[in-house]
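Enquirer: My questions will all concern the structure given below.
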Amino acid sequence: MNDKIKALVLSINDYRENDSILQVISEDKSFLSLVVRGAKKLTTKHHFNTLCIYEFIIDYKDNKTIYTIHNGKLIESFYEDKDLALLSYKNILLELTIKSKELYEFEMYKNICCTLRDINRQNMYLLGSLYVSYLLRLYGINPNVDSCVICGNKKVVTISNRYGGFLCQEHLNQETTLSIDYLKKFRLINKANFNNYDLIKDVEYDIKDFSIIIDFFINNSDINIKSYKFYKELFG
Ligand SMILES: [Zn+2]
């Protein structure tokens, strides 16, 4: 009874006539669905936002995944009300997390919260790419970034989503070449992780770096990320 759960709100949807339902990732209890009773009534005391961490009071039972919220206290907000581009970029990271629900592991909560906490206009593409590289490893679809996937040649000229990594000039086929700078940064981000973030934090990643890695993820996981399409249309 009255268990405290610390969790990040990933999405909010209408539920039944007057309620809404939050999809959250919790600090130590995986993904949960939390119902806000009477959320759509004007008199409600419960207002929740995506991109915020709350301490929720629920009656936790091990075999359930949907709960009614008795109370919720705001702990930390990563919501952007002034920067629409950054807000919409953060939504890509939330959608990536929701769609990775089946692969939940303890580190996921820590990694998404660290990313959202530290992200700003300067490092957004670096941190977003780092989060995608973490997911690529989690899915077991991380690219081969040491040599050409087909022949092992160290002199590579592009990244192939179809072959799962670098290709050399000889095996380039229909793909377009990439500059050495993008190839190097792609290799670096796929070797890095959140524990050694300090080593790469000053490397500049731009929207193209992010596009290369998220396109690789989308192609190899077969997961559609709607918020990414939306972001590209508006800010790409
Ligand atoms: Zn080759």
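Throughout, read-outs are computed from the coordinates displayed, never taken from laboratory work. Bear in mind that the values here come from a model prediction, so they are computed numbers and not experimental data. Positions of Cβ are backbone-derived with ideal geometry, glycine not excepted, and every protein chain shown enters the neighbour counts.
Enquirer: Need the C-alpha centroid separation for the range 1-60 versus the range 172-228, integer Å.
Expert: Going from one Cα centre to the other spans 33 Å.
Enquirer: Continuing with the same structure: State the number of lysine pairs found in the range 3-77 whose Cα atoms come within less than 21 Å, restricting to pairs 8 or more positions apart or on distinct chains.
Expert: 17
Enquirer: Given the chain, report the % of alpha carbon pairs whose separation exceeds 24 Å.
Expert: So the pairs more than 24 Å apart make up 50 percent of the total in the chain.
Enquirer: What ranking, highest mean first, results for peptides 60-71, 4-15 when packing means the other Cβ atoms within 10 Å averaged over each residue?
Expert: 4-15, 60-71
Enquirer: Viscosity 1.567 mPa s, temperature 4 °C: what is the translational diffusion coefficient of the range 32-126 from Stokes-Einstein with a Kirkwood Rh over Cα pairs, rounded to a whole number of µm²/s? Intermediate values should be presented prior to the final figure.
Expert: Details: Rh = 15.2 Å.
For these conditions, the coefficient is 85 µm²/s.
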